[in-house]
């Protein structure tokens, strides 16, 4: 693998010598870079502690801030009278306060997630089925007061949301990381296949498999640029320069291939 990376970065015209590599080797090569591309997502997932302020701002403006005679006492949400109040609705998410109410879950249909604040905890419902139930004690929630719905109440609600997300991390984290990996593989392959397909119009005598293999290795510089951009967010000017360099490396390999075929010297590759 290292010799192919070195050739791709320093001598892309010599990648032709690897044109007969097995697809299994090429797939492992792409998977290696896809894993590196997913590093930022893995780190962000494993170090997640709560929603960012910018994300919270999207939700804050749509929260129903009507004051309610309800507050958390000794691990239970207590209200002066039975309450059924919508707190938030949007982005396929609905949060309601249902205290001292017999909620019919079968009415909570549709492709939306429902969070029901009840007497003893939060119930997560999807398509009429309860997915999980979290007690306020499990979430280590100490304060939740709706009697005066102010910024502190909103902060308390986001603390609740953050802790639910953290409790569910064993479920969503693998999905996010695997999805990122698959997405990277698809992105890389789309780029490789398009370039191989275009060049094969000019060089139809080269088997598509060999064209795919060579472009997979020739795209190494592009993979590295994209990986660095996900890790440190490159300056747009620097990103364009590096992107130009990456395409230049790919072009070198294509020109070398065309030159060898033109002089019928492919056997010497």
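The values are calculated or read from the model by the stated rules, or taken from the named source; none is laboratory data. Computed from a predicted model, the values in this text were never measured in an experiment. Every residue, glycine among them, receives a Cβ derived from its backbone with ideal geometry; neighbour counts consider all protein chains shown.
A few points about this structure:
- Scope the range 121-133; condition loosely packed, with under 14 Cβ neighbours inside 10 Å and either in contact (Cβ under 8 Å) with a residue 60 or more places away in the chain or more than 18 Å from residue 165 (Cα to Cα) (or both); matching residues: 128, 129
- Cβ-Cβ under 9 Å pairs, at least 6 apart or on other chains, the range 191-204 side in a helix (DSSP H, G or I), far side modelled with pLDDT under 80: 195/250; 195/254; 199/254; 199/257; 199/258; 202/254; 202/258
- Matching residues, the range 33-57, being without any contact (Cβ under 8 Å) to a residue 12 or more places away in the chain and within 11 Å of the chain's Cα centre (by Cα): 44
- When the helices (runs of 4 or more DSSP H) confined to the range 1-117 are screened for residues that are under 27 Å from residue 173 (Cβ atoms), those reaching at least 1 such residues are found at 23-37, 39-46, 53-60.
- Filtered residue count, the range 118-128, keeping only those that are outside any strand (DSSP E or B) and in contact with a helix residue (DSSP H, G or I) (Cβ under 7 Å, 6 or more places away or on another chain): 1
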